[in-house]
Amino acid sequence: NKYVDKMYDKFVKPREFRRKYQGFDQMGNSGLVTLMYASWTNNKVLAAEEIEFRFNEINSIFYEDGYIDNSSFRGVRAQWYHSYNLDAALGYVYIAKLWGAEVPKELQDKLINSSKLVNLAITDYKAFKSRGFSGGYNANKTENNKYARKHTHQDAIGIDVLMKEVTDIELEHDFTYMRKRDRNKIDMMIGFNPHCIAI
């Protein structure tokens, strides 16, 4: 316990509740780490504060139509980053629900639409890419086909299970994704293997 407290104080607490304004990344923008610590210490107040903060953050980053600020618009890697971000959000929401959190309808609708877009990118890439974006890009946007990643992110190991569990949407067959992923590994974006849910 002393070691865990020290790690939390040194590495987690200084970055806790720092809001991102674009993209939703690994470990739920670090929110899952706070929930792990809250679970370890049985701190329900911390968990409630974290979940409220992170739900608001996801809600502000995901657009009503399901696209994700910046991440869904990264040129030839848009599909790849979109699925990466959605996987992190779905993993976070799944764990938050285990804490007893209720997902606000507005947020749930955005996650459903975002899941549909994962499928649209698989079945009609051109349609997925047709939406314009007026926001600012970060450095990872490219239109160079040499760096294209036109498939569901291979490290989103359990996105199929999480989409079904959280949004009740089945992942379309993505041949490249299915070939590249290793479903026996831990999903490093969320810290657990969602395939254990389905057992």
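The values are calculated or read from the model by the stated rules, or taken from the named source; none is laboratory data. Computed from a predicted structure; not experimentally measured. Ideal geometry is used to build each Cβ from the backbone, glycine not excepted, and the neighbour counts take in all protein chains shown. Each accessible area value is taken on the protein alone, full model and side chains, heavy atoms only, with ligands, DNA and RNA left out. Shrake-Rupley method; radii C 1.70, N 1.55, O 1.52, S 1.80 Å.
Using the 1.4 Å probe convention, the accessible area of the chain works out to 52 Å² per residue with neighbouring protein chains retained. Amide H contacts under 5 Å for residue 142: 75, 76, 77, restricted to partners 5 or more places along the chain or on a different chain, H placed in the peptide plane at 1.01 Å from N.
By definition, a body whose alpha carbon gyration tensor gives a ≥ b ≥ c is prolate when a/c is 1.5 or more and a/b is larger than b/c, and the stretch 78-135 fits this prolate description.
Per-residue 3J(HN,Hα) values for the stretch 62-68, derived from phi via the Karplus relation 6.51 cos²θ - 1.76 cosθ + 1.60 with θ = phi - 60°, read 8, 7, 4, 7, x, 5, 10 Hz in sequence order (x marks Gly and Pro). Rounding to the nearest 10 and keeping the result within 0 to 90°, find how far the Cα-based axis of helix 31-41 lies from the longest principal axis of the chain. Between helix and principal axis, roughly 30 degrees.
Of 111, 98, 32, the residue with the greatest mean-square motion in the GNM of the chain, using alpha carbon springs below 10 Å, is 98. Taking a straight Cα-Cα cut-off under 20 Å and skipping sequence neighbours fewer than 8 places away in the same chain, the lysines within cross-link reach of residue 150 are 116, 126, 129, 141, 180. Highest average first, the peptides 149-156, 82-89, 166-173 ordered by how many other beta carbon atoms sit within 10 Å of their residues are 82-89, 149-156, 166-173. Taking amide hydrogens as placed 1.01 Å from N in the peptide plane, the amide H of residue 192 sits under 5 Å from those of 187, each at least 5 positions away in sequence or on another chain. Mind pulling the angle between the C-alpha long axis of helix 44-61 and the longest principal axis of the chain? Nearest 10 degrees, somewhere in 0 to 90. Approximately 20 degrees, to the nearest 10. Taking the Cα centre of the stretch 1-124 as origin and assigning +1 to Lys and Arg Cβ atoms and -1 to Asp and Glu Cβ atoms, the resulting dipole is close to 480 debye. Once the Cα atoms are used to define both axes, helix 78-98 deviates from the longest principal axis of the chain by about 30 degrees.
Taking all protein chains in place and a 1.4 Å probe, what share, in percent, of the accessible surface of the stretch 27-182 do carbon and sulfur account for? Carbon-and-sulfur percentage of accessible area, whole number: 48. With contacts taken as Cα pairs under 8 Å at a separation of at least 6 residues, the stretch 83-162 carries a relative contact order of 56 percent.
Once a ≥ b ≥ c are taken as the square roots of the eigenvalues of the Cα gyration tensor of the stretch 1-45, is the result rounded (a/c under 1.5), prolate (a/b larger than b/c) or oblate (a/b not larger than b/c)? Prolate shape, in that a/c is at least 1.5 and a/b is the bigger ratio.
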